[in-house]
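The values are calculated or read from the model by the stated rules, or taken from the named source; none is laboratory data. Bear in mind that the values here come from a model prediction, so they are computed numbers and not experimental data. Cβ placement follows ideal geometry from the backbone for every residue including glycine, while neighbour counts extend to all protein chains displayed. The accessibility values were calculated without ligands, DNA or RNA, using every heavy atom of the protein model including side chains. Shrake-Rupley method; radii C 1.70, N 1.55, O 1.52, S 1.80 Å.
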Amino acid sequence: MAEDKKKLTTGFGKPVEDDQNSMTAGWPGPVLMQDVHLVDKLAHFDRERIPERVVHAKGAGAYGYFEVTADVTKYTKAKFLSEVGKRTDLFVRFSTVGGEKGSADAERDPRGFAVKFYTEEGNYDMTGNNTPVFFIRDPLKFPDFIHTQKRNPATNLKDADMFWDFLSLTPESIHQVTILFSDSGTPRTFRNMNGYSSHTFKWYNEKGEHFWVQYHFKTEQGIQNLTREEADVMKSKDPDHATRDLYEAIERGEHPSWRLEMQIMTPEQAESYRFDPFDITKVWPHADFPPITVGRMVLNRNPENYFAEVEQSAFSPGNLVPGIAASPDKMLQARLFSYHDTHLHRLGPNYHLLPVNSTKGCPMNSYQRDGFMRFDSNGGGGPNYYPNSFGGPEPEPKAAEPAFEVSGKAMRQPYNHPNDDFVQAGDLYRKVMTDANRENLRGNIVSHLGGAQKRIQLRQTAIFYKADPDYGRRVAEGLRLDVKEVERLSAMSAEERAKATATD
Ligand code: NDP
C-alpha cells in the first residue's frame, strides 16, 4: 500500500512513466496530441480556480470543540447544548471582509467569525463577525455597500470617495464606522478578538417558549489590536500574519479558546424595549442584558489541506438546529438566502457533501438527488420522492419551530422605531473609549477620510458630530474643516445634509 502511494499515476490511476518530458515528434517537437497525460495536466490546472467569495474571500480555519458549561435547557432544546460537560466538534473560519483572496490580513476591516457545530441534529452555523453591529440594517443596501468597500469601477483602485460617499449618505452606519475606525478595526491576530452573532436569534425550549438571544464569543487570549502604524508595517512585512499566527499557535499546542456568553431577552422585554432588539446597528447594553457564560470553544487542530477544508468550507446562517431559529432582523433574513446561494454558485449544488461541510454528528437523509459532482451513493436504490411506501426517510414533527405571529402591511418601508442612530456610537465614544482610544480613532479616520472630496469629508464629519460634538470637532480639526460648518450640517436632516453637500 505504501509502495502504491509512491507511484505517480494519472487522475484515472494509469502509472505515469515520465513527468518531465512531453511526448514529441523528435526532440525539437512539435508536441503530440496523444500525450493525454500532458493534456489532462494542463486542462486540470486551467480549472484550478473556483469563484472567490464576494465577501470574506481571505480566511483561515481550524477545527476544535465546544463544551457546555452551564444549564441552558430552560432557554433552548438544542441537543448539543443540553448537558453541562457535553462536547461538540466544530470548524471555524476567520476572515477579512472586503479584500480579495490575496489581500493583507492587517487591513482595516471587520473580521468574519464563522463557527460550524457538527451536532447530532445537523450542522449548526453561527456566522458572526468580530463586531457586535453592522453598517446597514436593510439588505437592499448590501450590494451597494460592498461595492463601495471594494474598487472603483474605472480605476480598479480603492476609493475614499466611494467609501465615504455611501457611508455619509447612510447615517445608520455611524456605530459600526466608529468601531471599525477604532483600533478594533485592526485586530492583532484572529486569536485576540471576540466574535459576535451581531444578529438577534431565537432560542426555544421543549415547552415551546422562546427567547431572543445574542452570542458573544469572548477571547481568552485577551483583546489586542494593532495601531494604524503597526498595521501598515504588518501589511508589507507579512500580509498573511493572522493566518500564520493561527496555524503556528495550534501547531505549537497553544490552543486558542473563547468563552461563549449569551445575552437573553424575553418576548415581553422585547415588546417594551426602548429600541428595536432586531436592529443590527444596535447592541443590547450589558447593563440591561448582562451576558451569561454558557460554554467554551477551543481550537486544537489545523486543517491538512487549505483548499479542501478552508476554501471549500461553506457556512450559512440558515443552517439552524431544533431549538434555534431566525429572528425578524432584516439583514439576517437576507443572509438566510444569500449565503447558501453563494455556495451553490461557488462550489455547486452538492457542496454539502464535501467532507468539511458534511454532517458528522448525524446521518444526512434527504430526497435531493443528482447534480454536478454528486460523489456519494446519491441515495442508492432508495426512493427519490416523498411520500413513498418504500421505507424512505420520514419528517420529524417534533423538529418544528413553534408557530409565531406576524402582522403589518406588506410594502417597502423603513425602520420605524423612535431611537436615533447616533446614541450608541456616542456612548462608545464617551463612556467606553479611553482618551488614547479616541485619539487613535481620530487619527485613523483622518488618514482615510482625508482622501475623499471635501464635501464628503464635511458630510461625514457632521455625522461624527451628531454622535458626539467632541468626536466631530476632533475629526474636523484633524481634517482642517470649518467646525461651524460641520455643526451647521449636523443639525440638518439626512436629506437636507445630502442636498447641501451634493456639490462643492
Ligand atoms: P459596557 O461598558 O457594558 O460594554 C462595553 C463593551 O465594549 C465591552 O464588551 C468591551 O468589550 C467593548 N469595548 C471596549 N472598548 C471598545 C472599543 N474601543 N471599541 C469597541 N468595543 C469596545 O457598555 P454597553 O453594553 O452599554 O455598550 C456601550 C458600547 O460598547 C456600545 O454602544 C458598543 O459600541 C460597545 N460594545 C457593546 C457591546 C454589547 O454587547 N453591549 C459589545 C461590544 C461593544 P471587551 O472588553 O471584551 O473588549
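Numbers for the structure displayed
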read-out: Carbon + sulfur, % of accessible area of the stretch 351-482 - ligands and nucleic acids excluded, 1.4 Å; value: 54 percent
read-out: Shape call, the stretch 253-313: gyration tensor on alpha carbons, a/c limit 1.5; value: prolate
read-out: Chain lengthening between H255 and Y367 when straightened (0.36 nm per residue, less Cα-Cα); value: 36.4 nm
read-out: Set of aspartates and glutamates near K454 by C-alpha distance (under 16 Å), chain-local residues within fewer than 8 positions excluded; value: D159, D161, D165, E477, D482, E485, E487, D504
read-out: Members of K86/K202; K158/K484; K58/K150 lying beyond 25 Å, as alpha-carbon distances in this model show; value: K158/K484
read-out: Theoretical gain in end-to-end length, V483 to L140 [0.36 nm per residue, Cα-Cα removed]; value: 120.1 nm
read-out: Rounded if a/c under 1.5, otherwise prolate or oblate - the stretch 441-504, Cα gyration tensor axes; value: oblate
read-out: Total charge dipole magnitude, the chain, about the Cα centre, Cβ charges on Lys, Arg, Asp, Glu only, Debye to nearest 20; value: 520 debye
read-out: Cα shape, the stretch 237-351, gyration tensor, a/c 1.5 rule; value: oblate
read-out: Carbon plus sulfur fraction of accessible area for the stretch 1-91, probe 1.4 Å, in percent; value: 56 percent
read-out: Fully extended contour minus Cα-Cα distance, from Q453 to E120, at 0.36 nm per residue; value: 114.4 nm
read-out: Set of lysines near K6 by C-alpha distance (under 22 Å), chain-local residues within fewer than 8 positions excluded; value: K14, K41
read-out: Under 18 Å from the Cα of K409 - lysines, other chains or at least 8 residues apart; value: K330
read-out: Scaled radius of gyration (Cα, divided by 2.2 N^0.38 Å) that the chain gives; value: 1.10
read-out: Surface per residue (accessible, 1.4 Å probe) for the chain, Å²; value: 51 Å²
read-out: Cα pair distances of the stretch 337-461 binned at 5 Å [whole percent]; value: 2, 7, 8, 9, 10, 9, 8, 9, 10, 9, 8, 6, 4, 1, 0
read-out: Rounded percent of accessible protein surface that carbon and sulfur make up, the stretch 164-302, 1.4 Å probe; value: 48 percent
